[in-house]
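Take a look at the structure set out below.
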Amino acid sequence: MRRSTLGPAGQSRLAGLAEEFSSAIFEPSFPCTFAPRAWQRDELLFGLAGDPARILPDMLALMREAAAAIRSHRDQVVVLFLDAATGSTLDTERALGAAILRHLRRHDRVPWPHGAPADPMDPRWVFWFEGVDFFINMSTPGHRRRRSRNLCSAFTLVVQSRSAFDAFAGDADPVRAHIRSRIAAHDAMPPHPALGAYGDPCSREAAQYFLGDDNEIVIDLIAEADISPSEHARER
């Protein structure tokens, strides 16, 4: 749903979370300057997995909708909120992020593209789902020092096509440098060392999906064993 269709913040949980999200991205120091513009232009799509007991099946349905929206409009950005259990730690939130990716992979109706790296340690790896090359930003209420990864009171996934973002950003190096200088000002710690450039031999895309409140580089959300390029969907 677009912001313009959500109604007042008090009308629904989704509308309330979208308002929280807008408060975060409109902070003057918020690193990503694209997000406020997308909000003002009513370009973002929002969804909610509201039942903690149905997080995985509901996320599967929402991500299928997100993939369809991106296939229709390649530069579409989708914001998905998950009402998980309260009092979660970063470790449990990371585990939830891993469970979501693995569930999506198990139930993908489109085979992993031929020739696309399956090993997250490959610098050219990207997460494919329903034929879309997703970049996934996971932000949670458990992030304290890394404020740029705490967007509201719910676990939040901001998803878009990796290739579309690269095309939109144009000359990516100045854009990347500008955003990361703003991260340093916004967060209570330096930018995470996992933040690299896609395709750079030293960069790992999967390490950027979920950043902790420390500067440890961790690639554990999904493994090559979870991805088989020749595997066909188990659910149609």
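Could you tell me whether Arg176 is basic (Lys, Arg), more than 23 Å from Leu221 (Cα to Cα) and either surrounded by fewer than 18 Cβ atoms within 10 Å (Cβ to Cβ) or in contact with a helix residue (DSSP H, G or I) (Cβ under 7 Å, 6 or more places away or on another chain) (or both)? When the stated conditions are applied, Arg176 passes them.
Among the residues of the stretch 68-78, which ones are over 20 Å from Ser153 (Cβ atoms) and either in a strand (DSSP E or B) or open to solvent by 70 Å² or more (accessible area, probe 1.4 Å) (or both)? Residues satisfying the conditions are Arg71, Ser72, His73, Arg74, Asp75.
Counting the residues of the stretch 39-67 that are more than 16 Å from the chain's Cα centre (by Cα), within 21 Å of Phe165 (Cβ to Cβ) and either of a type in the set (S, T, N, Q) or in a helix (DSSP H, G or I) (or both) gives 2. In the stretch 79-122, which residues are assigned to a helix (DSSP H, G or I), closer than 16 Å to Leu56 by Cβ and in contact (Cβ under 8 Å) with a residue 60 or more places away in the chain? Hits for the stretch 79-122 are Glu93, Arg94, Gly97, Ala98, Leu101, Arg102, Arg105, Arg106.
Check whether at least one residue in the stretch 91-112 is of a type in the set (Asp, Glu) and surrounded by fewer than 17 Cβ atoms within 10 Å (Cβ to Cβ), and report yes or no. Scanning the stretch 91-112 turns up at least one residue that is of a type in the set (Asp, Glu) and surrounded by fewer than 17 Cβ atoms within 10 Å (Cβ to Cβ).
The residues on offer are Ala197, Ala184, and the sole one that is surrounded by fewer than 16 Cβ atoms within 10 Å (Cβ to Cβ) and farther than 22 Å from Ile219 by Cβ is Ala184.
Of the set (1) assigned to a helix (DSSP H, G or I); (2) among the β-branched types (Val, Ile, Thr); (3) touching a residue at least 12 places away in the same chain (Cβ under 8 Å), all apply to Val175 but (3). Can you tell me which residue among Gly16, Gly10 is open to solvent by 80 Å² or more (accessible area, probe 1.4 Å), in contact with a helix residue (DSSP H, G or I) (Cβ under 8 Å, 6 or more places away or on another chain) and part of a helix (DSSP H, G or I)? Unique residue meeting the criteria: Gly10. Being in contact (Cβ under 8 Å) with a residue 12 or more places away in the chain, assigned to a helix (DSSP H, G or I) and surrounded by 15 or more Cβ atoms within 10 Å (Cβ to Cβ), is that true of even one residue in the stretch 123-138? The answer is no, given that none of the residues of the stretch 123-138 is in contact (Cβ under 8 Å) with a residue 12 or more places away in the chain, assigned to a helix (DSSP H, G or I) and surrounded by 15 or more Cβ atoms within 10 Å (Cβ to Cβ).
The values are calculated or read from the model by the stated rules, or taken from the named source; none is laboratory data. Computed from a predicted structure; not experimentally measured. With ideal geometry, Cβ positions are generated from the backbone for all residues, glycine too; neighbour counts draw on all protein chains shown. The area values use the complete protein model at the heavy-atom level, side chains included, leaving out ligands, DNA and RNA. Shrake-Rupley method; radii C 1.70, N 1.55, O 1.52, S 1.80 Å.
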